[in-house]
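Visitor: Here it is: the structure, laid out below.
Only the coordinates and a few stated rules stand behind these numbers; no lab work does. Every value quoted in this text rests on a predicted model; they were computed, and no experiment measured them. Note: ideal-geometry Cβ built from the backbone for every residue, glycine included; neighbour counts use all protein chains shown.
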Amino acid sequence: MKLSQVVQTLESAGFAPAFAREPLADPELSDVCTRTEQVSHGALYCCVKGFKTDGHAFAEEAERRGAAAFLAERPLATSLPVVLVQDSRKAAATAAAAVHGFPAEALSLAAVTGTNGKSTTAWITRSILRAGGISCGLLGTIVYDDGKREEPADRTTPDGPSVQRWLARIAENGGQACVMEASSHGLDLHRLECCRFDALAFTNLTPEHLDFHGDMESYFQAKRRLFTDHARPEARFVLNVDDPWGLRLAELFPDRALPYGIGQGTGLRGQILAMGLDGTDLEISVPGEKTPIRVRSPLVGLHNVSNVLASIGIALSLGMGQEAIRYGIENLPPVPGRLQRFRFENGVTCFIDYAHTPDGLEKALKAVGADCRGSVHAVFGLGGERTVENRPLMGRVAAALADTVVLTMDNPRSEDPRTIARQIEEGLQGARLRSHSVILDRKEAVHAALDSAVSGDVVLLAGKGPETTMILADGPVPYNDEESVREWSRTRGIPILS
């Protein structure tokens, strides 16, 4: 697409673009980028002001890499065309949609937002859609999937141009749909511009990212933006009315809501028939259907019942039948780092989970502890430069639901991990807790917890999930919980059974 055509699109979208000076050429654009490492020949480089750096400072590097033009908020020292806008971050997504042929319009789109449960819900939804014969991609915390190839994700919701690039790949691969996790950061930072969804789900809201949003009301308003700004006219809103913020959304959008919850009530309801460390048997009542759906979910815990219901609500909104729903759930591929289970020959069971908030840790510990015949061991830390108030709360949750605790690192960033551990320790007060220790090296902490566990015990490794790096003050270094678990199994000579 020609630069002039992108400028026309921006004008139509109300961005009031203007050239810094009249360009000598009208280059053909091959891509749109906000990061210099993504720039290739023919790209439009968008100078976005970040929280720590300003993309305008990297324009010279982008030009060296082959950029054909710039989108910026102020003039640049370059001979290339520079299009000026007031908000280059927001305009970047619109420009990318234009360059890639507005791929969102060719796909059925589903979005999941909320504090916890987004990844699992999106994972289940993709499985159901594929069971129903729908070629489906996925953009979320765990992976970006274009329908043919998966790549590890670097953030929950990619930047706006990357979203459009991935949607274009899905469409080019013959994809019919995409399931996306919509983070509050992504919504506030305009990463979902030019995306309109057919089904939108809300899982829950608990304190997180308040360092960014300030308070819970602002956090909620960021989530609400998904439903006000990014819904297609006939879209259904799949809302967890067991959560007070989800109930508030249902009251705001009564004509579009498909409420869901556990137990009795209206809407999509799930009854638990049996639950254990091997999975959950459910009976799902569907509005307008006489026959409920009976399904065996491989997922563990009450919170995953809620995630299954959210996925069913999305699937129903996209026209999936009961057989596809049942098959997609019962044949769900393991969700990496979401209560990912390892059974050992010595009778110990280990779970790796991404839980990194008090609510998430509570749900994970309740899930693994409900059917535990022995002791519950918890290994966790908390990220640096994040909501400090959550640290003693994490300790309080662990003290109430675990028998032993090992405090360790979890992306301390520029903070001293010892300080984070001490702040968590302030909340480690509970009648159940027998002992706790601090082992900052996470691999050593994992091995110590597994060494102390005996037959019938459960070990929960919380916070990192499938992440493959530990973010320290000097940047990320390689680390992965599953690799630590497998190394322990190998060095101790205790095989993993499943």
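Visitor: Highest mean first, how do 294-304, 467-477, 399-409 rank when packing is the count of other Cβ atoms within 10 Å averaged over residues? Spell out each step's value before the answer.
Guide: Working: 294-304: 20.0, 467-477: 14.2, 399-409: 23.8.
Order by mean packing, descending: 399-409, 294-304, 467-477.
Visitor: Quick one: work out Rg over Rh on the C-alpha atoms of the chain, Rh as Kirkwood radius.
Guide: Details: Rg = 23.7 Å, Rh = 23.8 Å.
Here the Rg-to-Rh quotient is 0.99.
Visitor: Right, something else. Taking a ≥ b ≥ c as the square roots of the Cα gyration tensor eigenvalues, with a/c under 1.5 meaning rounded and otherwise prolate when a/b beats b/c, else oblate, which class fits region 3-99? Intermediate results must be reported in sequence, preceding the final value.
Guide: Values: a/c = 1.32, a/b = 1.14, b/c = 1.16.
Rounded shape, in that the Cα axes give a/c under 1.5.
Visitor: What does the convex hull of the Cα atoms come to per residue for region 259-335, in Å³? Display every interim value, and only then the final one.
Guide: Working: hull volume 6.6 nm³, N = 77.
That works out to 86 Å³ per residue.
Visitor: Using mean Cβ contacts within 10 Å as the protection proxy, how do 69-80, 6-17 order, highest first?
Guide: Values: 69-80: 18.3, 6-17: 16.4.
Listed from highest to lowest mean packing, they are 69-80, 6-17.
Visitor: How large is log10 I(q)/I(0) at q = 0.15, 0.21, 0.28, 0.29 Å⁻¹ when the Debye formula is applied to the Cα atoms of region 85-151, each weighted equally and without solvent?
Guide: For region 85-151, the Cα-only Debye profile gives -0.62, -1.02, -1.22, -1.24.
Visitor: Choose one of V85, L44, Q5: the residue whose Cα lies farthest towards the positive end of the charge dipole of region 3-99 (beta-carbon charges +1 Lys, Arg; -1 Asp, Glu; about the Cα centre).
Guide: Toward the positive end, the furthest listed residue is V85.
Visitor: Rounded, prolate or oblate: which one fits region 156-307, using the alpha carbon gyration tensor with axes a ≥ b ≥ c (rounded when a/c is under 1.5, else prolate when a/b beats b/c, else oblate)? Please report the intermediate quantities before stating the final value.
Guide: Values: a/c = 1.68, a/b = 1.41, b/c = 1.19.
Here region 156-307 falls in the prolate category.
Visitor: For the chain, give the magnitude of the charge dipole about the Cα centre (Cβ charges: +1 Lys/Arg, -1 Asp/Glu; no others), in debye to the nearest 20. Walk me through the numbers before you get to the answer.
Guide: Working: 52 positive and 63 negative charges, 147 e Å.
Roughly 700 debye, rounded to the nearest 20.
Visitor: Now for a separate question. At 222 nm, what value in deg cm²/dmol follows for the chain if DSSP H runs of at least 4 each add -39500 (n - 2.57) and the sum is divided by all its residues, to the nearest 500?
Guide: Values: 16 runs with 168 residues, N = 498.
After summing the helix terms and dividing by the residues of the chain, the value is -10000 deg cm²/dmol.
Visitor: Based on alpha-carbon centroids, what's the gap between region 42-84 and region 274-302 in Å, whole number please?
Guide: If you average the Cα positions of each part, the centres end up 52 Å apart.
Visitor: In degrees between 0 and 90, to the nearest 10, how far off the longest principal axis of the chain does helix 88-99 point, with axes built from Cα atoms?
Guide: 80
Visitor: Going by average Cβ neighbours within 10 Å, how do the peptides 126-132, 271-277 rank, with the highest at the top? Don't skip to the end; give the middle numbers.
Guide: Values: 126-132: 23.7, 271-277: 14.1.
Listed from highest to lowest mean packing, they are 126-132, 271-277.
Visitor: What is the Cα radius of gyration of region 300-424 over 2.2 N^0.38 Å, N being its residue count? Kindly include the intermediate steps, with their values, before the conclusion.
Guide: Numbers: Rg = 17.2 Å, N = 125, 2.2 N^0.38 = 13.8 Å.
Region 300-424 yields a ratio of 1.25.
Visitor: Another question, then. In whole Å, what is the distance between the alpha-carbon centres of region 390-414 and region 315-341?
Guide: Between the Cα centres of region 390-414 and region 315-341 lies a distance of 31 Å.
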